[in-house]
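A.B. asks: Okay, here's the structure, questions in a sec.
We did not get these values from a lab; they are worked out from the coordinates using the rules stated. Only a predicted model underlies this, so the values are computations on that prediction, with no experimental measurement involved. Cβ atoms come from the backbone with ideal geometry, glycine included; neighbour counts cover every protein chain shown.
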């Protein structure tokens, strides 16, 4: 590891000194539910949506709300949950607010088409509102859950069932790369250990997702550092964290260039939030060993 890489990571580490705390969720937790970003349609992702199809975007919002109600709100009857909503869709703001009745909401005109900056800024504004609400109520929320407007829950997210951790991301696993391997005796026992996290039943093999696999889809990652194959990818649909830890994610929008430089030095030039959240966990929080799957 070069001195340049060391210094880039040290600069990130100085953004949030100290290790984040561990937390064991329970049935009566208080949770801030943060929704952020730009809404797309069922046919177009948000980055390609120009706002000219509001009815199609409403279909996405309506479906997402149905799954949130069924799989988050209704399955946690003893928890206190409040919504905080930011979007880059002012034409959809009143519709979103009628569905979610948030404690706070703000719907701004899009300021940038750059995905990480746009998502990070939206998340930061919503988290700032959470902080103000925490000051008003005199105590922090136990947990903050942050997700995109288009996230559709397919299963129940019960707070009391989350394992003790420093923060949580959705589990995500991929097909393993077995090319060139002559001795595959390790594959079956290794796969058994991953089943719980990857939900890989039916005789299929799975592996933790490699950054290189996703980067290759857009012709990127040819000079990816070895350590970055497995250490720099998390699912960016959703994260859950104790209040203090969640608020540290505001640093991504305000110190974007520091993150970009640290990622560039390991061969990641693709500006996707997957990589930036991973860099945050590794180099700002130093909490990779404390991550657990939702």
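A.B. asks: To the nearest 0.05, how large is the calculated FRET efficiency for residue 55 and residue 238 if R₀ is 22 Å and r is the Cβ-Cβ distance?
C.D. replies: 0.25
A.B. asks: Something else: Quick one: if the Förster radius is 51 Å, what FRET efficiency do residue 94 and residue 292 give, using the C-beta to C-beta distance and rounding to 0.05?
C.D. replies: Computed FRET efficiency for residue 94 and residue 292: 0.85.
A.B. asks: For residue 14 and residue 63 in one chain, what is 0.36 nm times their gap in residues minus the Cα-Cα distance, to one decimal in nm?
C.D. replies: Once the chain is fully extended between residue 14 and residue 63, it gains 13.6 nm.
A.B. asks: Using 0.36 nm per residue of separation minus the Cα-Cα distance, give me the extension gain between residue 271 and residue 108 in nm, one decimal.
C.D. replies: Contour length minus Cα-Cα distance gives 56.5 nm.
A.B. asks: Further question on the same structure: If each of residue 158 and residue 227 carries a label point 7 Å out from its Cα toward its Cβ, how far apart are those two points in nm?
C.D. replies: 4.0
A.B. asks: Next question. Using 1/(1 + (r/R0)^6) with R0 = 41 angstrom and r between the beta carbons of residue 6 and residue 101, what's the FRET efficiency to the nearest 0.05?
C.D. replies: That gives a FRET efficiency of 0.30.
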